[in-house]
Amino acid sequence: MRELRIAAVGDVHLDESLRGRYRERLDDIGEHADVLLLAGDLTRHGTLEEAGVVADEFRDLPVPVIAVLGNHDHHSNHPAEIAAMLNDAGIKVLHDDATVLDVDGVRLGVVGGKGFGGGYAGKCASDFGEPEIKAFIGHTKRIAERWRVALKELEADRRIVLSHYSPVKDTLSGEPLEIYPFLGSYLLAEAADAEGADLVIHGHAHAGTEKGVTPGGIRVRNVALPVLGRAYGVYCL
Amino acid sequence: MEAPQYVAARVQRALAEDERTNELGIRVDVRGEQLFLRGQVTGNERRLLIADVAREAAPGLTVRNEITVIDVRGPGEEERL
Ligand SMILES: [Fe+2]
Ligand SMILES: [Fe+2]
């Protein structure tokens, strides 16, 4: 089976002032990668104007583009409109579901969505107490369950989980410990480990580190732009 | 006098909540009369805006803008997993 080259970046946080600046780094992406994954926080405030910049920066590339949204893309309460604008530009936006691409006969399956927080095993919020806390952790639990089902049903040769929030602590190293519960949740990793995947991609932790692994041994890569310090990471499966 | 921790927390919240910035990833430290900003952004315009918002949230302090602008080039080396 042919090797797949996965390009990935998150947290590009585009707005009008950055129009065209990211695009110029993507011209030769077809020479480096078979697909581009965008790990959320594509905009700064989640406005439709900023989403227009994102659509223009990533449309008509020589490789397919698959994205999830991040917390910034939700800030103006227009996530559905933003997703629709990106879809119109040919960018497939995942919302706790799956997509399968055919790359020269190799089926690449990608499952994912924004994800959410809650913290990591033994040091996390639980479904107990005030309704506000239950709503917080309940959001993460429902997302993780949808990913687990999507992974279970996925028929593909290579399997990737694409998230904005982090499924593991490893890739948060460099962030203050106190904010870990807002950076991700182990429930996301648990879903991936339960059904199996070859790689987990996430963003959100701008001060974290690139490389980690889930408790079950799946490689995790934090592709937040400030972490990578390069236009995108390329991972070969 | 207001404790420096509260000033730093107010600036950090302003950076996150002010719609000119909505910046969550900047470290803010207050030492005496100085306010230090550290982190990474992708453009100089954004770097200057962050300092403006910080200055408004903490008038009277000298803002030391130590935020770096990252200039992202090329994809770098690929990794085989
Ligand atoms: Fe971000
Ligand atoms: Fe984020």
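The values are calculated or read from the model by the stated rules, or taken from the named source; none is laboratory data. As the structure is a computational prediction, the values presented were derived from the model and not from experiment. In this analysis, Cβ positions are derived from the backbone assuming ideal geometry, glycine residues included, and neighbour counts consider all displayed protein chains.
See the values below:
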| read-out | value |
| --- | --- |
| Which numbered condition A:HIS95 misses (of (1) away from ligand 1 (no atom under 15 Å from the Cβ); (2) free of Cβ contacts under 8 Å to residues at least 40 places away in the same chain; (3) over 20 Å from A:GLY184 (Cβ atoms)) | (3) |
| Among (1) over 21 Å from A:PHE58 (Cα atoms); (2) within 16 Å of ligand 2 (Cβ to nearest atom); (3) at pLDDT below 95 - the single one A:VAL213 does not satisfy | (2) |
| Given (1) within 16 Å of ligand 2 (Cβ to nearest atom); (2) modelled with pLDDT of 95 or more, number of the condition A:PRO226 does not satisfy | (2) |
| Scan of segment A:37-55 for residues that are touching a Leu at 6+ places or on another chain (Cβ under 9 Å) and more than 10 Å from every other protein chain (Cβ to nearest Cβ), ordered by number | A:LEU37, A:LEU38, A:ALA39, A:GLY40, A:LEU42, A:GLU50, A:ALA51, A:VAL53, A:VAL54, A:ALA55 |
| Search result, residues across segment A:147-163 that are buried (at least 17 other Cβ atoms within 10 Å of the Cβ) and more than 12 Å from A:VAL220 (Cα to Cα) | A:TRP147, A:ARG148, A:ALA150, A:LEU151, A:LEU154, A:ALA156, A:ASP157, A:ARG158, A:ARG159 |
| Strands (runs of 3 or more DSSP E) lying entirely in segment B:17-81 (those with 3 or more residues that are at the interface with chain A (Cβ under 9 Å from one of its Cβ atoms)) | B:78-80 |
| Spans of helices (runs of 4 or more DSSP H) in segment A:137-237 with at least 1 residues under 22 Å from A:ASP97 (Cα atoms) and within 14 Å of another protein chain (Cβ to nearest Cβ) | A:180-183 |
| Residues that are over 18 Å from the mean Cα position of the chain (by Cα) and within 16 Å of ligand 1 (Cβ to nearest atom), drawn from segment A:58-82 | A:SER76 |
| Residue tally, condition surrounded by fewer than 17 Cβ atoms within 10 Å (Cβ to Cβ) and either acidic (Asp, Glu) or farther than 14 Å from B:VAL28 by Cα (or both), over segment B:38-67 | 9 |
